[in-house]
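Enquirer: One structure coming up, written as structure tokens, with questions to follow.
What follows is calculated from the coordinates using simple rules that are stated; it is not laboratory data. This is a predicted model, so every value here is computed, not measured. Backbone-built Cβ (ideal geometry, glycine too); neighbour counts: all protein chains shown.
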Amino acid sequence: MPNSASEAPGGGADSAPEAVPDAAPEDGAEYGPEGRADDGAAYGAECGPEYDLAVIGAGPAGLAGAVTASELGLSVALLDASGQPGGQYYRHPSPALGATRPEALHHNWPAFAALLRRLAAAEVTHLAGHHVWTVVAAPDAAGSWDVHALTGANGDEDRPGRVRARAVLLATGAYERQLPFPGWTLPGVVGAGGAQAMLKSALALPGRRVVVAGSGPLLLAVAASLAAAGARVPAVVEASDYLGYARRPGALLSQPAKLAEAAVHGAALLRHGVRLRTRSAVTQVHGSDRVEAVTVSRLDRQWRPVRGSGRRIACDALAVGHGLVPQLELAVGLGCTTRRTVDGTHALELGPLQETSVPGIWAAGETGGVGGFQLAFTEGELAGLAIAARLRGRAVAGEGRRSPRVLRRRRARLRAFADAMAAVHAPGPGWPQWLDDATEVCRCEEVTAGRIREAVADYGARDARTVKLLTRAGMGWCQGRMCGAAVACLAAQAQGPRRAQGAQPEPSPERRPLAVPVRLGALAALDEPNSPGTAEPKPTER
Amino acid sequence: MARDRSPAALVGAATDDAFEITFDGRPVTALPGQSVAAALWAAGILAWRSTRVGGRPRGAFCGIGQCYDCLATVNGRPNRRACLLPARPGDAITTQEGHGHAELGV
Ligand SMILES: Cc1cc2nc3c(=O)[nH]c(=O)nc-3n(C[C@H](O)[C@@H](O)[C@H](O)COP(=O)(O)OP(=O)(O)OC[C@H]3O[C@@H](n4cnc5c(N)ncnc54)[C@H](O)[C@@H]3O)c2cc1C
Ligand code: FES
């Protein structure tokens, strides 16, 4: 079921961007619907022509939304950090690699190829290599939005860009949830989705014998790809119990195509001799400078390791992940309402036609709750239809298109399926027992579990924010993306076993003021009244 | 990789245009369109940074530009995400010690 499947350099606070001494105000580029970069324009000056719609993220959701809206007559800009369209699911080798069979690493490639053909035929301005760091209400054009981006593969080229649009579709996808364990910072331990991404886009494997571990349907897809690409996968280690599916037959059986996909992965894994160990976790990685082996332990129902059950498996890499977390910085910065998901993360609260609580800002795909590429496609299409209808002031369906009603029914079925799976794979409350005091929880700031427990036990920290202020956990480059889930959980456990046994506490929706690190020159060029430092959006939670 | 299978063979990639980059002075082969991190992985290199506090080795972790564990010094410029940066012929990658003097501002 693949789909179902710095010290902040300069020291800092998690909010205030730091001064970068040599960053001069930079020239920027503005793009009009003709897709032309206006080289001479100063960044932050009067905008060029505005688009009807700016789509952020060119994964299945963003692509479907951009193509649908464009076919219905809207002018559309599609921005993505990556150099190529496709998002996480349809990551594929750069054309320079000359792959003649890119589909070999994908199920459902024809659907993507069809979408790319539509993208080429539609007049969508595709702005690749654009890392959007904030979206603000246009200061001088009521009802319009300014999308600010940094450019280049690394987002550190000197020419930021700005796109103005009447509506924005947030389709920024998700990132992997990680739960720390002893040894997880050793080179050779990589994200499961990360291994998949490096394989799909750059044909690289982290090792020759790769254990795949964590929880969630993505693990099977990752193991199948790694094995197909020539790695040995001695085991897939799944912390939950697939029996959980048997207790939720309704939602699952309503999606035979997805179950068939799971069966395909299962068959591939059998063929490659991959063993699936359920209710187990990697509780130790061995090696001094890189992975040499892992210890896999059985887990009880709470995900506590069963003493004496550890088995050592030799390997040179470990691909690990515990499901996905919606990427919400841009939405939270705009003040969009969020909701808690069944597996304890946060997703955007959306209306029946994919609009967020902020009128004019729409969302599709994993931003509205993790649910796989088919759901992302469906939501993108629905959003495209709805935005076109809003901006044109009339219904736009018909002519061979799926109607909003059909799309909404499909969305409901896929969402129910995803929620059933998320419930099966949600982290159990006992996972912190994998940690010893020396385990680094925050990879960036090198903060150990021992220091976090100390902050909780001795200094009374009760939430991730306080832990962060006391220990710097979550203050580094990644802004808590890698450790946020774990830190929140460790802090909440101090509130007593009852609280900690309940739904897994996650950090409150990501209040990172900037979605990507930004140099001061770009910030200084922002129009004053809406700069992230002064705007005070108030995200609410239902 | 194991047996006769490889990622490049699986997708039928053209490997004729391979070129050279260096890692701490030693030559590493890269394919056009590959990220720096992927080229290093393909050469069996998993670490190209040492942490600021513990001096521990690190390399790519998330693979998608989110974790910043893969920061490398490329052609003398520190703090570049190796998982996002396409390798170019002649690139000199050097192990980044600590923060390699920080350039980003957050
Ligand atoms: C690392 C990883 C690997 C995955 N691999 C698989 C897999 O093999 N099989 C599977 O079934 N599912 C996989 N998934 C799940 C994936 O989320 C799919 O379900 C699907 O791709 C979701 O579609 P989407 O359009 O919602 O988001 P995505 O496909 O994630 O697309 C989001 C896009 O937004 C862009 N983006 C995000 N933030 C910004 C920003 N600030 N500025 C500019 N662009 C931005 C990203 O570059 C990305 O291209 C993976 C997820 C992750 C995180
Ligand atoms: S591997 Fe995470 S940012 Fe490069």
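Enquirer: When Cβ neighbours within 10 Å are restricted to other protein chains, what is their mean count per residue of peptide A:222-228? Display every interim value, and only then the final one.
Expert: Details: counts 0, 0, 0, 2, 2, 2, 3.
Partner Cβ neighbours, averaged per residue: 1.
Enquirer: Sticking with this one: State the extension gain, in nm to one decimal, for the chain segment bounded by A:Glu123 and A:Ala457, taking 0.36 nm per residue of separation less the distance between their alpha-carbons.
Expert: Working: separation 334, 0.36 × 334 = 120.24 nm, distance 5.84 nm.
Residue separation times 0.36 nm, minus the Cα-Cα distance, leaves 114.4 nm.
Enquirer: If Lys and Arg each add +1 and Asp and Glu each add -1, what is the summed charge of the other residues whose beta carbon sits under 9 Å from the beta carbon of A:Val296?
Expert: Details: positive: A:Arg277, A:Arg298, A:Arg311, A:Arg312; negative: none.
Here the count lands on +4.
Enquirer: For an R0 of 25 angstrom, estimate the FRET efficiency from the Cβ-Cβ distance between A:Glu292 and B:Thr95 and round to the nearest 0.05. List each step's numbers first, then the result.
Expert: Values: r = 21 Å, r/R0 = 0.84.
So the FRET efficiency works out to roughly 0.75.
Enquirer: Then there's this: Amide H neighbours of B:Glu97 under 5 Å, at least 5 residues apart or on other chains, H built in the peptide plane: list them.
Expert: Those lying under 5 Å, H to H, from B:Glu97 are B:Ser50.
Enquirer: Per-residue HN-Hα couplings for the stretch A:81-94, Karplus 6.51 cos²θ - 1.76 cosθ + 1.60 at θ = phi - 60°, whole Hz, x for Gly and Pro?
Expert: 4, 6, x, 10, x, x, x, 6, 5, 9, 4, 8, x, 4
Enquirer: So what does log10 I(q)/I(0) come out to for the stretch A:308-462 at q = 0.11, 0.13 Å⁻¹, using the Debye formula with one equal point on every Cα and no solvent?
Expert: For the requested q values the scattering log ratios are -0.63, -0.79.
Enquirer: Next question, about the same structure. For the stretch A:178-322, with equal point scatterers placed on the C-alpha atoms only and solvent neglected, what are the log10 I(q)/I(0) values from the Debye formula at q = 0.13 1/Å, to two decimals?
Expert: -0.55
Enquirer: Principal axes first, then extents: for the Cα atoms of the stretch A:123-167, list largest minus smallest coordinate on each axis, whole Å, largest first.
Expert: Largest to smallest, the principal-axis extents are 32, 25, 12 Å.
Enquirer: Further question: Please state, rounded to one decimal and in Å, the Kirkwood hydrodynamic radius that the stretch A:391-438 gives when every pair of distinct Cα atoms enters the mean of 1/r. Walk me through the numbers before you get to the answer.
Expert: Numbers: mean 1/r = 0.0671 Å⁻¹.
That comes to 14.9 Å for the stretch A:391-438.
Enquirer: Counting partner chain Cβ atoms within 10 Å of every residue's Cβ in B:73-84, what's the average? Show your work: numbers first, answer last.
Expert: Details: counts 0, 1, 0, 0, 2, 1, 6, 3, 5, 1, 8, 10.
What the average comes to for B:73-84 is 3.
Enquirer: For a label point 7 angstrom out from the Cα of A:Arg402 toward its Cβ, which stretches of the stretch A:358-388 have the backbone nitrogen within less than 14 Å?
Expert: A:365, A:372-386
Enquirer: Mind checking the full-extension length gain between A:Arg101 and A:Leu116? Use 0.36 nm per residue of separation minus the Cα-Cα distance, one decimal, nm.
Expert: Gain on extension, A:Arg101 to A:Leu116, equals 3.8 nm.
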